[in-house]
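The structure appears right after this line, and notes come after that.
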Amino acid sequence: MPEHSNEIYKGTTTIGLVFDKGVVLATEKRATMGNLVASKTAKKVYQIADRIGMTTAGGVGDAQQLARLMRVECNLFQVRRGRPISVGATSTLLSNYLNQNRYFPFYVQLLVGGIDESGPSVYSVDAMGGASRENDIVATGSGSPFAYGVLEDRYTHDMTEEQAVELAVRALKSAMRRDVGSGEDISIVVITREKYEETKLPGLLKSQIQTTT
């Protein structure tokens, strides 16, 4: 399929959630092009630094280009400064790049989440370069209103990693049931000081959520 067609894929639900020792980034995997389900295995979470990830909503081509750019910039920062880039600095760098291109904007809504010396954090970055730090939960994409209903009802600041993953999955499944642009499988990334881990949803947790929501 031509590259320009990829750039009009749309319809997504992405979630960022801060728990007691880290961050959970979660997305579903459907990519749509109008009424067509263009992909059932779309990648929407990218590792851009050792302990930083980025979720993408919007145009697939734009998102992939930005992920490649940010991966290079974060690596260059570490080489030049001799230390890892912080989550806040990553968000600022991404924000500046998007703002410089505001007259020919990237069709994206992004989350940048991870952990650094200041602890875990998640930032929301829009297509015009506006960036804001989210202290607990955030969702983007066409399914985000449905996800927020679950997140705001069940989130607590002292959640464990297991509880945070379960809540993110519940919120995604709520969006996937009601938003036609969200569906298929679920992708989960857990980031702590010890790891950046792309985890598969355990079968038991899948069945528990399906029967209790």
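Here, each number is a calculation from the coordinates, and none is a lab measurement. Since the model is a prediction, treat every value here as computed from it, not as a measurement. Methodologically, a virtual Cβ is constructed for each residue, glycine included, from the backbone with ideal geometry; neighbour enumeration extends over all protein chains shown.
So the values come out like this:
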quantity	calculated
Burial ranking of peptide ranges 110-117, 171-178 (average Cβ count within 10 Å, highest at the top)	110-117, 171-178
Karplus-derived 3J(HN,Hα), 6.51/-1.76/1.60, for each residue of the stretch 100-112, Hz, glycine and proline x	5, 10, 5, 7, 10, x, 6, 7, 8, 9, 10, 10, 10
Relative contact order [Cα under 8 Å, 6+ residues apart], the chain, whole percent	29
Mean separation of Cα contacts under 8 Å (6+ apart) over length of the stretch 34-119, as relative contact order %	38
Net lengthening on full extension, D185/R133 (0.36 nm per residue, minus Cα-Cα)	15.9 nm
Highest-fluctuation residue, R68, R81, R170 considered, GNM on the chain with Cα pairs under 10 Å	R81
Other-chain or far-sequence residues with amide H under 5 Å of S39's (modelled H)	A31
Karplus-derived HN-Hα couplings along the stretch 142-150 (A = 6.51, B = -1.76, C = 1.60, θ = phi - 60°), whole Hz, x at Gly and Pro	5, x, 4, x, 6, 5, 4, x, 7
Charge dipole (the chain, unit charges on Cβ, about Cα centre) - positive-most of I137, I115, M70	M70
Using alpha carbons only: equivalent-ellipsoid semi-axes of the stretch 96-162, gyration tensor based, whole Å	26, 17, 7
From phi via Karplus (6.51, -1.76, 1.60), per-residue ³J(HN,Hα) for the stretch 77-92 in Hz, x at Gly/Pro	4, 5, 5, 6, 9, x, 8, x, 6, 7, 5, x, 5, 4, 5, 5
Added length on full extension, which subtracts the Cα-Cα distance from 0.36 nm per residue, R193 to R102	29.3 nm
Simple spin-label estimate for N35 and R178 in nanometres, 7 Å along Cα-Cβ	2.4
Contact order relative to length of the stretch 118-201, as percent, for alpha carbon pairs under 8 angstrom and 6 or more apart	21
The chain - charge dipole about Cα centre, Lys and Arg +1 at Cβ, Asp and Glu -1, debye rounded to 20	420
Quarter of the Cα convex hull surface for the chain, i.e. its orientation-mean projected area (nm²)	11.6
